[in-house]
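Read through the structure below, which is laid out as structure tokens, and then see the notes.
The values are calculated or read from the model by the stated rules, or taken from the named source; none is laboratory data. Please read all numbers here as calculations on a predicted model, not as lab measurements. Cβ placement follows ideal geometry from the backbone for every residue including glycine, while neighbour counts extend to all protein chains displayed. Heavy atoms of the whole protein, side chains included, go into the accessibility calculation; ligands, DNA and RNA do not. Shrake-Rupley method; radii C 1.70, N 1.55, O 1.52, S 1.80 Å.
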Amino acid sequence: MKFGVFDHVDRGQVSLAEHYENRLKLAEAYDREGFHAYHIAEHHSTPLGIASSPSVFLSAVAQRTRRLRLGTCVFTLPLVNPLRLLEEVCMLDQMSGGRLEMGVGRGSSPYELAYFGVTPEASGVLYKEGYEVLMQGLKSRSITFEGQHYRFKDVPVELECIQKPTPPVWYGLSAPAAVPWTAENGINIMCNGPADKIRPLTDRYREVWAGSPRSSRQPLPLLGMVRHIVVADTRQEALAAGKRGFDRWYASLQHLWRLHGNPMTHYPIPEDFNAGVDLGVILAGTPDEVAEGLARELEASGANYLLARLAFGDLTYEESLRSAQLLAREVMPRFVRESVTA
């Protein structure tokens, strides 16, 4: 059982400079406390994510940590030329000593895509072509590709990754139709939402994986479940901090949708904090309470990797640090000793 951290790097109440520095200090703490990886999102023109260039931010994280793996969830492929992204991926893997976890996707917000002149219809083709070019460049010394949007002929590849043939690949999974592609290609997944919605995805993944040639020569990839987590010395303290931070985070999540008069109504995490706690997508309490809730969620979801949102909304640096320390020191050891999903 492995534990990682997922971070939107969403806007809080402090200055941008202090906000970035606080996140870097938290990454140092995740490194010290034994978390597997630190995954960040890419968003644009929204308070939901101010690490709009994941490569820039993770290059700083790489210099402040030694063991912690560094992940993107995700590089938004339709918004960047794949040749440029290939070079950034190689640089990050080299600068981190081979610690990159490479998440890729087409983007979740039509408004963010539109600001870059990308339509939802075009984003699918751009994603597919960008992914093919990226993977070709990671595995060979030249790129030749003929597509609808990208055309390359014998482009030299000068940079390379430490991890061969590629860094571990990640994909945000919500639809059962995408499961076979991820399982057949050994791609790690992360899922939001209630455990009973995640379970069909992890069950199907294991089914497809068992029938693939990869299953006989490599371990089962990581099947991640994302949860907001606040751990404190008392339940009252955790709930109060969690609600305050969650309400601010959810406002950021909805920001662009409400700005365009189209608030989301089907997001897998409810807007009401107490409803999220009851549903199990938010875990807030003492170490014992969080461990008990986490055991239920892992068992019900079939996940073998937990991505904890520990810093969100206007939680202070000290509150997030305390959560990380309590989670690492008093909760995580219980699952290392006896994996729920062995």
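Here are a few things to note about the model shown:
- Taking every residue in the range 198-221 that is more than 12 Å from L173 (Cβ to Cβ) and touching a residue at least 24 places away in the same chain (Cβ under 8 Å) and pairing it with any residue that is loosely packed, with under 12 Cβ neighbours inside 10 Å and of a type in the set (D, E, K, R), at least 6 positions away or on another chain, yields no pair with a Cβ-Cβ distance below 9 Å.
One line per residue, one yes/no per condition, for (1) under 29 Å from E28 (Cβ atoms); (2) in contact with a helix residue (DSSP H, G or I) (Cβ under 6 Å, 6 or more places away or on another chain):
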site: L83; (1), (2): no, no
site: C90; (1), (2): yes, no
site: S96; (1), (2): yes, yes
site: G103; (1), (2): yes, no
site: A114; (1), (2): no, no
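- Checked against the criterion of being within 30 Å of W257 (Cα to Cα) and of a type in the set (F, W, Y), the range 138-158 contains not a single residue that satisfies it.
- L253 being under 18 Å from H44 (Cα atoms) and either surrounded by 13 or more Cβ atoms within 10 Å (Cβ to Cβ) or of a type in the set (S, T, Y) (or both): yes
- Any pair with Cβ under 8 angstrom, 6 or more apart, that starts in the range 273-286 at a residue that is hydroxyl-bearing (S, T, Y) and ends at one that is not in a strand (DSSP E or B): T286/A232; T286/D233; T286/T234; T286/R235; T286/A238
- Of the residues in the range 59-75, none is touching a His at 6+ places or on another chain (Cβ under 8 Å), without any contact (Cβ under 8 Å) to a residue 60 or more places away in the chain, buried (at least 20 other Cβ atoms within 10 Å of the Cβ) and β-branched (V, I, T).
- All of E184, E207 fail the test of being open to solvent by 20 Å² or more (accessible area, probe 1.4 Å), in contact with a Lys or Arg (Cβ under 9 Å, 6 or more places away or on another chain), among the acidic types (D, E) and at pLDDT 95 or above, apart from E184.
- Of all residues in the range 318-333, none are assigned to a loop (DSSP other than H, G, I, E, B) and surrounded by 16 or more Cβ atoms within 10 Å (Cβ to Cβ).
- Residue count, the range 149-181 (criterion: among the aromatic types (F, W, Y) and buried (at least 17 other Cβ atoms within 10 Å of the Cβ)): 3
- Residue tally, condition in contact (Cβ under 8 Å) with a residue 40 or more places away in the chain, small (G, A, S) and open to solvent by 30 Å² or more (accessible area, probe 1.4 Å), over the range 1-43: 1
- For the range 44-58, the set of residues classified as open to solvent by 10 Å² or more (accessible area, probe 1.4 Å), in contact with a His (Cβ under 7 Å, 6 or more places away or on another chain) and among the small types (G, A, S) consists of S52 only.
- Only one of the listed residues (G103, G107) is modelled with pLDDT under 95 and open to solvent by less than 40 Å² (accessible area, probe 1.4 Å). That residue is G107.
Residues checked against (1) open to solvent by 50 Å² or more (accessible area, probe 1.4 Å); (2) of a type in the set (S, T, N, Q):
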| site | (1), (2) |
| --- | --- |
| Q94 | yes, yes |
| G98 | no, no |
| E112 | no, no |
| P120 | yes, no |
| M135 | no, no |
| I143 | no, no |
| G147 | no, no |
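The rows are residues; the columns are (1) of a type in the set (A, V, I, L, M, F, W, C); (2) on the phi < 0 side of the Ramachandran plot; (3) out of contact with any Gly (no Cβ under 9 Å at 6 or more places or on another chain); (4) at pLDDT below 95.
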site	(1), (2), (3), (4)
S142	no, yes, yes, no
Q148	no, yes, yes, no
R151	no, yes, yes, no
W170	yes, yes, no, no
S174	no, yes, no, yes
N192	no, yes, no, no
A195	yes, yes, no, no
D203	no, yes, no, no
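- Filter result for R227 (open to solvent by 60 Å² or more (accessible area, probe 1.4 Å), closer than 21 Å to V5 by Cα and modelled with pLDDT of 95 or more): no
- Filtered by the rule that a residue be more than 19 Å from G245 (Cβ to Cβ), surrounded by fewer than 18 Cβ atoms within 10 Å (Cβ to Cβ) and in contact with a Lys or Arg (Cβ under 9 Å, 6 or more places away or on another chain), the range 277-317 gives A295, A300.
- Failed criterion for G293 (all others in (1) touching a residue at least 24 places away in the same chain (Cβ under 8 Å); (2) of a type outside the set (S, T, N, Q); (3) under 23 Å from D196 (Cα atoms) hold): (1)
- If you go through the range 30-48 and keep only what is among the hydrophobic types (A, V, I, L, M, F, W, C), in contact with a Ser or Thr (Cβ under 9 Å, 6 or more places away or on another chain) and closer than 23 Å to R99 by Cβ, you end up with I40, A41.
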